Amino acid sequence: MNIELPFLIGMIVMLAMFVIVGLIQGRKIENTTDYYIAGRKAPTVLVVGSLIASYLSSTAYMGDTGFMFDGFLMPYVLLCAVCSVGYIFGTRYFGIHLRRSRVLTLPEFFGRRFNSPRIRMVLSIITVVGIMCYLTTVTKGGALLMQNLLGMKENPNGYLICLLIVWVVYTSFTFFSGSKGVIVTDTIMFFIFAFMAFISVPFIFQAAGHFSGAINPVTDTVVYLNDAEHVQQGLDMGIWSTFTEPIHKPDWGDFDFTNITMHLKPGALSAGGVTNPDSPWAYMGSAADSIIWGVVLGFIWLIAMAVSPWQTSRYMMAKNEHVVMRTGLIGAIVAFAVLLFIDLAMTVANLIDIPPTASSEETFIWMAMNILPRWLGIVIFCGIMSAVLSSCSTFASLIGFSLANDILPAINKKMKPENGLRNSRIVMLIASLVVVVITYWTIPGIQLVSYFAASLFAISWGFVAFMSTQSKRISENGAFWSILVGAIVFTVLSILKNVALIPDAEGVLQKVAFPTLLRPEILGLASAIAAYFIANRPAAITDEERAYFKMLHTPEPEEVAQRLGKPEIKKTLWGAKAVILFGVAFIAILIVIYLIPYQAGIDILNGAA
Amino acid sequence: MYTNSIQEWICVLFSGGFYIVIGLFIYNRLKKDYKNVLDDVEESANIDTAIE
């Protein structure tokens, strides 16, 4: 066992801090409102911190960084740009109304909105199943990280031991303090990993060379695209560039993968990413395929970020509606900024020699332990582990809340409301233990399963969520069938796409290949909308449903006073202006560091050829 | 062979432009929301005065 002692000490200090914060906050818990939604008193900084921390997890720092490293910068930038604005739509068209409902969970909201126990039950089941999928992948990411830290990758029991360590830590502070503690630990974790993301980027750029570089695979010299002399030198030496067809087509079986650099990923900096079929990283298909993937999945994730339980549960904790709205505006900027920084750094990381023992998903961790300054590596480790724990704690609490508040009371009528707090804690503990067992026995790909889980929420209830707050014409029947059909169609098609189940002519089981514009996400969403139009019965809408809808659009008296305050209104409107300014800044920065050098490089290479 | 970077320009302008458009949309939407609240309060104040 080869433990990196400074890393271990840094990690232990950080984990101990979270557990202590959880215990302190736990002493302030008086009732289920405190436990579930932090007493509805959270200020903007805590809600934003928890929102981003719940969103960014091992998926972002391991799965997505691996994807960037594989050579898909622009498709992922497109995805992030589109999906991050989901916070804005989510707060304005759903979150504010959700907060007015004063419910404890999202299934409870839909159950009351449509006066429907069956909708509440279906949504609870989808919530529990979907979040358990997400929690298994994030927990796995945390366990892998811990294995790297403790040098236990070769140990046969290493994965199990690390899994249990991760479980004990996040369960302990979540169990005691519920949302009151989770929102504080989430915010601390957010500052750690945001700091880590912004600080590590200059060091990665420095280790790799200038961002706008192409690689000479023979001598490992970084060739600058906007430097004609170096480009010519590289061409003379038989270089593979990031833009042209590969000069040599190697026999991959004998190829020495020690020097896995951008020469194996032609087109990594282009709009479609790596598309050359000779490259083993061209798994996204053509440029059109990967760009459409980025935009389509971006819109699916936009809906997920607007209405998924681990995001919307934060709005219920806000102290007033201005906080909800500002959270959405600030969250949209911060989420994209953090991901953009890491995306650029991981693309540039291809210029560093990374051994084949590091899989794409572990590249960022490998760099933290082997390339970057020791103090920064410790911060990165703590940052990634923070992201893991913040998401795990949120997911574990949501599974427990849905079970204790929505599913079990419907099954066991004898559950007493006064025992709500105790029941929530017990159920959360049992559910998280089940997740550990599932995580140990299954080996999902981190990015794939998390995308499935997030998409499941978006597709099954995204349409109904917005309709429930914006339309008087949606009936219980339309909502129920839309949710159910969307969930079933998407789940079945996703399984067919990712698991070999259909025998071909020779009897060999194959996965189903879906056309890009008819992927399971699009077909699932289309099915959900179609089911709504077929099953909707506006004439059957009850007076209770109409009254509830009116309540959702009536601000509370103290809210009216808050919203009238001119300083408060100005602050919130400034958030909207910041979104516009961010868009302008993004374009300006990418023109300077990416587009101009990219075009200059193409001009030089085309002229040289 | 790549002859130009027009696709890359489109991606960057789309991504940044998306934020600009959404930002403008939500700014105007919020201004209307707050104006509606102010108008509602003013209207109910006028009704109260008329009743008195």
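For this structure, a couple of remarks:
- Verdict on A:T363 being more than 19 Å from A:A81 (Cβ to Cβ), of a type outside the set (D, E) and either buried (at least 23 other Cβ atoms within 10 Å of the Cβ) or in contact (Cβ under 8 Å) with a residue 24 or more places away in the chain (or both): yes
- Restricting attention to segment A:101-134, the residues being outside any helix (DSSP H, G or I), modelled with pLDDT under 90 and buried (at least 21 other Cβ atoms within 10 Å of the Cβ) number 2.
- Qualifying residue in segment A:303-310 (condition: part of a helix (DSSP H, G or I), within 14 Å of another protein chain (Cβ to nearest Cβ) and aromatic (F, W, Y)): no
- Residue in segment A:563-595 that is modelled with the highest pLDDT, counting only those that are more than 30 Å from the chain's Cα centre (by Cα) and within 9 Å of another protein chain (Cβ to nearest Cβ): A:I569
- Of all residues making up segment A:68-105, the number that are within 11 Å of chain B (Cβ to nearest Cβ) and among the charged types (D, E, K, R): 1
Residue by residue, here is whether (1) among the hydrophobic types (A, V, I, L, M, F, W, C); (2) modelled with pLDDT of 80 or more; (3) touching a strand residue (DSSP E or B) at 6+ places or on another chain (Cβ under 6 Å) holds:
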{"site": "A:I247", "(1), (2), (3)": "yes, no, no"}
{"site": "A:P250", "(1), (2), (3)": "no, no, no"}
{"site": "A:D256", "(1), (2), (3)": "no, no, no"}
{"site": "A:I260", "(1), (2), (3)": "yes, no, no"}
{"site": "A:K265", "(1), (2), (3)": "no, no, no"}
{"site": "A:L269", "(1), (2), (3)": "yes, no, no"}
{"site": "A:V296", "(1), (2), (3)": "yes, yes, no"}
{"site": "A:Q311", "(1), (2), (3)": "no, yes, no"}
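- Residue match in segment A:338-361 (condition: farther than 22 Å from A:G273 by Cβ, modelled with pLDDT of 80 or more, of a type outside the set (S, T, N, Q) and not in a loop (DSSP other than H, G, I, E, B)): no
The values are calculated or read from the model by the stated rules, or taken from the named source; none is laboratory data. The structure presented is a predicted model; accordingly, all values stated were derived computationally and were not measured. Here Cβ is always computed from backbone atoms with ideal geometry, including for glycine, and neighbour counts include all displayed protein chains.
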